[in-house]
Amino acid sequence: MKKMFKHLFSFFAIFAVVMLVLGTETMAAKKSKTLKNTIKKGFVRCGVSQGLPGFSNADASGNWTGVDVDVCRAVAAAVLGDAGKVKFTPLSAKERFTALTAGEIDILSRNTTWTLSRDADIGLTFVGVNFYDGQGFMVRKASGITSTSQFKSGLSACVNIGTTTELNMRDFFTANGITYEPVVFEKADEVVAAYDSGRCDTYTTDKSGLAAQRTKLSNPDDHIVLPETISKEPLGPVVRQGDAVWEDIVRWSLNVMIEAEEYGINSSNADSMKTSKNPQIKRLVGAEGELGAALGLDNDWSLRIIKQVGNYGESYKRNIADTGILPTRGPNELWTKGGLLYVPPAR
Ligand SMILES: N[C@@H](CCC(=O)N[C@@H](CS)C(=O)NCC(=O)O)C(=O)O
């Protein structure tokens with residue numbers, strides 16, 4: 001009898017030790033298949049555009065830059081400790097959602113508009129907004145058109161397939177009783193080339209897209225973007241539905257960039273902010289609280305994002321303002337400065 005108790009005791013002791021070891025093996029990584037796989041692979045798998053300056057664009061040596069690229073770099077800094085550990089997959093608008101749901105990528109950060117039908121679609125979860133946009137039209141200056149109110153039935157419009165752009169354009173022309181000829185292409189460069197060669201009277205997409213693509217035209221100065229904005233295009237990163245931990249990591253990586261700007265924390269002063277008197281600043285740089293643990297990460301996850309990628313303002317300046325694409329922030333200014341950028345508090 002005594003011997004049996006002894007065996008039972010050793011069995012429970014071993015069981016307890018095994019449970020303890022398994023338990024400490026990062027709780028969140030266990031709950032998140034995506035986080036676990038990302039750590040195993042050693043890089044974040046990020047779906048981007050096929051080349052949209054300011055948002056996601058590769059240079060001649062294959063280095064990707066842009067505000068959409070920076071969301072994935074922020075996640076890599078948080079999860080893997082290195083913003084450089086990202087594998088980018090260029091995707092057309094049509095391909096992007098399937099690539100995510102099929103598991104080819106783990107974050108879709110590709111000027112993607114958050115809409116009800118996309119969000120409610122089985123398989124997709126939008127985590128936030130990294131650029132507030134709206135759809136516009138570009139025309140040749142020589143056409144004499146300065147407002148959409150001058151559009152006449154029969155006009156042709158170059159557009160990307162698989163976008164909200166196609167749908168908004170239909171709504172806009174229907175509402176205004178104008179008949180039109182959509183000229184659709186899958187690749188953005190085909191749309192730009194078709195418009196540039198005179199195949200269409202107008203080129204329509206998100207206004208940020210128009211500003212970016214205008215730089216690719218043979219004579220950008222021969223074209224204007226009309227003042228009207230016909231839709232709301234809140235652009236943001238998307239993850240596969242069903243991995244709540246990964247969803248939180250991506251959402252809060254973006255939020256940290258925005259909140260860091262709000263609190264005046266940037267890539268150069270982040271370390272020195274550890275001794276700030278403000279508890280919220282201290283939390284954002286990991287000197288107080290346990291925000292990292294809440295996401296299954298270490299407590300320097302957010303400090304690394306700010307140091308390696310920068311705050312939202314730094315990313316915007318580097319990618320969109322200084323490149324001349326959209327010199328002013330417009331709605332993409334912080335709420336404290338009259339803009340729309342307002343993220344829940346990281347606390
Ligand atoms: N925001 C819209 C439009 C996104 C879109 O695909 N726009 C085109 C025109 S700017 C684009 O990204 N082109 C770049 C590319 O395909 O690489 C959506 O989510 O449907």
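Could you pull out the pairs from Lys152/Lys232; Lys85/Lys307; Lys94/Lys187; Lys141/Lys187 whose alpha carbons sit more than 20 Å apart here?
Details: Lys152/Lys232 24 Å; Lys85/Lys307 15 Å; Lys94/Lys187 9 Å; Lys141/Lys187 25 Å.
Result: Lys152/Lys232; Lys141/Lys187 exceed 20 Å.
Compute the FRET efficiency between Asp271 and Val184 as 1/(1 + (r/R0)^6), taking r as their Cβ-Cβ distance and R0 = 45 Å, and round to the nearest 0.05. Walk me through the numbers on the way to the answer.
Working: r = 50 Å, r/R0 = 1.11.
For R0 = 45 Å, the calculated efficiency reads 0.35.
Of all beta bridges DSSP finds with both residues in the stretch 135-231, what is the antiparallel percent, to the nearest 5?
Numbers: 8 of 16 bridges.
Here the share of antiparallel DSSP bridges comes out near 50 percent.
With the radius of gyration and the Kirkwood radius both derived from the Cα set of the stretch 205-347, what is their ratio Rg to Rh?
Numbers: Rg = 17.7 Å, Rh = 17.0 Å.
Ratio of gyration radius to Kirkwood radius: 1.04.
Just tell me which aspartates and glutamates come within less than 13 Å, Cα to Cα, of Lys274; anything on the same chain fewer than 8 places away is out.
Glu288, Asp300
Quote the convex hull volume per residue of the stretch 135-231, based on C-alpha atoms, as a whole number of Å³.
84
Of the chain, which part is the longest with no GluC sites (Glu not before Pro) in a loop (DSSP not H, G, I, E, B) and with at most 12 other C-beta atoms within 10 angstrom?
Details: sites that count: Glu25, Glu290.
The segment 26-289 is the longest one with no such site.
Picking from Phe126, Val309, Leu35, whose Cα lies most toward the positive end of the charge dipole for the chain (charges on Cβ: Lys, Arg +1; Asp, Glu -1)?
Leu35
Between Ile122 and Leu167, what is the label-to-label distance in nm when each label sits 7 Å out along the Cα-to-Cβ direction?
Here the modelled spin labels are 1.9 nm apart.
Among Gln150, Phe185, Cys200, pick out the residue whose Cα is farthest towards the positive end of the charge dipole of the stretch 135-231, where Lys and Arg carry +1 and Asp and Glu carry -1 on C-beta, about the Cα centre.
Gln150
As a footprinting exposure proxy, order Asp300, Asp222 by other Cβ within 10 Å, with the fewest listed first. Don't skip to the end; give the middle numbers.
Numbers: Asp300 16, Asp222 12.
By the 10 Å Cβ count, ascending, the order reads Asp222, Asp300.
Tell me the label-point distance for the pair Ser218, Lys40, using the 7 Å Cα-to-Cβ offset, in nm and rounded to one decimal.
5.2
Using a Gaussian network model of the chain whose springs link C-alpha atoms within less than 10 Å, name the residue from Gly198, Gly134, Gly123 with the highest mean-square fluctuation.
Fluctuation is largest for Gly198.
Which of Ala294, Ala175, Ala78 moves the most in a Gaussian network model of the chain with Cα springs under 10 Å?
With Cα springs under 10 Å in the chain, the top fluctuation among Ala294, Ala175, Ala78 is at Ala175.
Taking the Cβ of each residue in Thr65, Thr336 as the centre, tally the other Cβ atoms inside 10 Å and list the residues starting with the fewest.
Values: Thr65 19, Thr336 10.
Starting with the residue having the fewest Cβ neighbours, the order is Thr336, Thr65.
Using the Cα centre as the reference, give the magnitude of the dipole from point charges on the C-beta atoms of the stretch 241-347 (Lys, Arg: +1; Asp, Glu: -1; all else neutral), rounded to the nearest 20 debye. Before the final figure, lay out the partial values.
On the way: 12 positive and 14 negative charges, 70 e Å.
That gives the stretch 241-347 a dipole magnitude of about 340 debye.
Using a basic spin-label model with each label point 7 Å from the Cα along Cα→Cβ, how many nm lie between Ala294 and Lys31?
The answer from the label model is 1.3 nm.
Angle, helix 67-80 long axis vs. longest principal axis of the chain, Cα atoms, 0 to 90°, nearest 10?
10
Write down the percent of antiparallel bridges among all DSSP beta bridges whose residues are both part of the chain, to the nearest 5.
Numbers: 19 of 35 bridges.
Approximately 55 percent, going by the DSSP bridge assignments.
Please give the FRET efficiency for Ala193 paired with Leu340, using the beta carbon to beta carbon distance and R0 = 22 Å, rounded to the nearest 0.05.
On the way: r = 33 Å, r/R0 = 1.52.
Efficiency, from the Cβ-Cβ distance: 0.05.
Can you tell me which of Val245, Val71, Val256 moves the most in a GNM of the chain? Springs connect C-alpha atoms under 10 Å apart.
Val245
Determine, for Asp206, Asp59, Asp68, the number of other Cβ atoms within 10 Å of each Cβ, and report the residues in order from fewest to most.
Working: Asp206 26, Asp59 8, Asp68 32.
Lowest to highest Cβ neighbour count: Asp59, Asp206, Asp68.
Please list, short to long, the whole-number percent of alpha-carbon pairs of the chain in consecutive 10 angstrom bins beginning at zero.
Answer for the chain: a P(r) of 5, 23, 29, 21, 11, 6, 2, 1, 1, 0 percent.
Round to the nearest 10 and give me the degree value, 0 to 90, for the angle of helix 164-175's Cα axis relative to the longest principal axis of the chain.
The two axes meet at around 40 degrees.
Working out 0.36 nm times the residue gap between Thr115 and Lys282, then minus their Cα-Cα distance, what length gain in nm do you get to one decimal? Please report the intermediate quantities before stating the final value.
Numbers: separation 167, 0.36 × 167 = 60.12 nm, distance 3.53 nm.
Length difference between fully extended and current span is 56.6 nm.
Each reported figure results from applying straightforward, stated rules to the coordinates on display, with no laboratory input. Here the structure is a predicted model, which is why all the values come from computation and not from measurement. For neighbour counting, all protein chains shown are included, and Cβ atoms are generated from backbone atoms with ideal geometry for every residue, glycine included.
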